[in-house]
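The values are calculated or read from the model by the stated rules, or taken from the named source; none is laboratory data. Bear in mind that the values here come from a model prediction, so they are computed numbers and not experimental data. Cβ sites come from the backbone with ideal geometry, for glycine too, and all protein chains shown count toward neighbours. When the accessible area is computed, the model is the full protein with side chains, heavy atoms only, and any ligands, DNA or RNA have been set aside. Shrake-Rupley method; radii C 1.70, N 1.55, O 1.52, S 1.80 Å.
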Amino acid sequence: MEGGGETAVRCGEVDSACEALHLLQIDPSGSAEPRTGGAAPCSRNVLRKQKHWEKVIMAKKRKRTQERERRKAQQAEGRGTAGHHSKRVLKAIMKERLLEARESGPWLCVDLSMADRMTKKMGTTQESYLDLFPLDTVVYLTPDSENVLEDIDPKKVYILGGLVDESIHKKLTLQRARDQSLQTARLPIREYMVKTINTKNYHSETLAINQVFDVLSTYYETRSWPAALKAGVSSGKGYVLPDAVN
């Protein structure tokens, strides 16, 4: 009886120790197989709990792996993760997007060679567009041209005269384009807009660079000259759309 009682006590102690260790995710034996010799094996209840915890642990590992893969996929696609990119990575992404835009959309250049005609507020040098593009693809946009820009051709290169000043040099850009044997065109302001009555009796088709850019970009997106001219031609120019008069 003493031997049997001692064996029972030892088995109970082992069962309790095994259960405590398994709750801490520690395998006391390294295997669920019964051991030959030594203390008695753990009970079926402990082995069942061990298997349960193993399943829980494996499920958590799979979930963490899936979460890491999901974050990697989001970063690769750039969805909502720009704030986590370094400046170097953001610069590379921006350069890639600019290259894609350059290949897919129309070209627009600003001619800054007339900076000497402006007051001394800015100074920059750029490689000439004449050396960058074939002459037959270049269209110089000037309000003095006799040709109306009816559509934007993605295969063409449109040049804006970069003359930023309070004074207006009439026919300067037109003469420059003629000297370089370039095609010219003007925005269809008088074809789609009407003159308004104002106190200064002022009407001008000469727009600032940003205004021309707004007109061209809006037209390229909407294919509507009224919408494009409304976006770029301010009322101070003395021109409005006909429906604005009524």
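Structural remarks
- Any chance residue 35 is in contact with a Ser or Thr (Cβ under 9 Å, 6 or more places away or on another chain), at pLDDT below 75 and not hydrophobic (A, V, I, L, M, F, W, C): yes
- Checking 200, 155 one by one, the residue that is modelled with pLDDT under 85 and surrounded by fewer than 15 Cβ atoms within 10 Å (Cβ to Cβ) is 200 and no other.
- Yes/no for residue 136 being among the acidic types (Asp, Glu), outside any loop (DSSP other than H, G, I, E, B) and modelled with pLDDT under 70: no
- Pair list, Cβ under 6 Å, 6 or more apart: segment 201-216 residue closer than 18 Å to residue 145 by Cβ, other residue of a type in the set (Val, Ile, Thr) and surrounded by 15 or more Cβ atoms within 10 Å (Cβ to Cβ): 205/189
- Yes/no for residue 185 being open to solvent by 30 Å² or more (accessible area, probe 1.4 Å) and hydrophobic (A, V, I, L, M, F, W, C): no
- Residue 73 vs. criteria modelled with pLDDT of 75 or more, among the hydrophobic types (A, V, I, L, M, F, W, C) and open to solvent by less than 60 Å² (accessible area, probe 1.4 Å): no
- If the condition is being in a helix (DSSP H, G or I), within 24 Å of residue 174 (Cβ to Cβ) and among the charged types (D, E, K, R), then segment 199-244 contributes 214, 237.
- Residues that are part of a helix (DSSP H, G or I) and open to solvent by less than 50 Å² (accessible area, probe 1.4 Å), drawn from segment 188-197: 189
- Cβ-Cβ distances below 8 Å connect the following pairs, each with a first residue in segment 57-76 that is farther than 20 Å from residue 89 by Cβ, a second residue that is surrounded by 10 or more Cβ atoms within 10 Å (Cβ to Cβ), and a separation of six or more residues or different chains: 57/25.
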